[in-house]
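Chemist: Sending over a structure as structure tokens; questions will come in a sec.
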Amino acid sequence: MIAGWETNDIDKSPSFDISLVLPDGAKETTYSVNGNTSLELDGQYCVQRWDAGAHVDTDCHMGGRSDGTYFTLTITSLSRWGVKGKFSGLLRNGSSFLKVTDGEFAAPYN
């Protein structure tokens, strides 16, 4: 799993995570899912909702294995430091859709 926030204010920042489960380990390649498939790959983007200084809700758009969505993850580098790559997809929250394009990440191992 790779996760992060858009800003340093973790309580109020939009967040994201990418989850990929592989029985034989990851490789430098492209992984894709389109709706309900067997590859365990999911993307999520969440926005915290606040009112008068109080947290009232979290709205999350998710995609990958959910019907009507897709998600693509390309691992461009696996090294001793960590993992780097790119991602895109169509995420859904009920009837609302969010298209993600040209996403990039670089994450050290934890």
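Chemist: (1) touching a Lys or Arg at 6+ places or on another chain (Cβ under 7 Å); (2) among the polar types (S, T, N, Q); (3) closer than 14 Å to GLN44 by Cβ: which one isn't true of SER77, the others all being true?
Modeler: (3) is the only condition that SER77 fails.
Chemist: Being of a type in the set (A, V, I, L, M, F, W, C) and closer than 16 Å to VAL33 by Cα is the filter here, so list the residues in the range 68-89 that pass it.
Modeler: The initial filter retains those residues of the range 68-89 that are of a type in the set (A, V, I, L, M, F, W, C), namely 71, 73, 75, 78, 81, 83, 87.
The answer is PHE71, LEU73, ILE75, PHE87.
Chemist: Moving on to the next point. Pick out the one residue from LYS99, LYS84 that is modelled with pLDDT of 90 or more, basic (Lys, Arg) and surrounded by fewer than 16 Cβ atoms within 10 Å (Cβ to Cβ).
Modeler: On the way: LYS84 fails: surrounded by fewer than 16 Cβ atoms within 10 Å (Cβ to Cβ).
When all the criteria are applied, what remains is LYS99.
Chemist: Could you tell me which numbered condition THR74 fails, if it satisfies all but one of (1) at pLDDT 90 or above; (2) closer than 23 Å to LYS12 by Cβ?
Modeler: Only one criterion is unmet by THR74, namely (2).
Chemist: Could you check how many residues of the range 21-41 are part of a strand (DSSP E or B) and open to solvent by 40 Å² or more (accessible area, probe 1.4 Å)?
Modeler: Step one: of the range 21-41, the residues part of a strand (DSSP E or B) are 21, 30-34, 40-41.
Subsequent filtering for residues that are open to solvent by 40 Å² or more (accessible area, probe 1.4 Å) retains 21, 30, 32, 34, 40.
So the count comes out to 5.
Chemist: Which count do you get for residues in the range 43-77 that are in contact (Cβ under 8 Å) with a residue 12 or more places away in the chain and either out of contact with any His (no Cβ under 8 Å at 6 or more places or on another chain) or among the small types (Gly, Ala, Ser) (or both)? Don't jump to the end; show me each part of the working.
Modeler: Initial filter on the range 43-77 (in contact (Cβ under 8 Å) with a residue 12 or more places away in the chain): 43-48, 50, 55, 58-77.
Add one more test, that the residue is either out of contact with any His (no Cβ under 8 Å at 6 or more places or on another chain) or among the small types (Gly, Ala, Ser) (or both), and what stays is 43, 47, 50, 55, 58-77.
Final tally of qualifying residues: 24.
Chemist: Name the one entry in CYS60, CYS46 that is farther than 21 Å from ALA106 by Cβ and open to solvent by less than 50 Å² (accessible area, probe 1.4 Å).
Modeler: On the way: CYS46 fails: farther than 21 Å from ALA106 by Cβ.
Unique residue meeting the criteria: CYS60.
The values are calculated or read from the model by the stated rules, or taken from the named source; none is laboratory data. Not measured: the values here are computed from a predicted model. So basically every Cβ, Gly included, is an ideal-geometry build from the backbone, and we count neighbours across all protein chains shown. Keep in mind that these areas ignore ligands, DNA and RNA; they rest on the heavy atoms of the full protein, side chains included. Shrake-Rupley method; radii C 1.70, N 1.55, O 1.52, S 1.80 Å.
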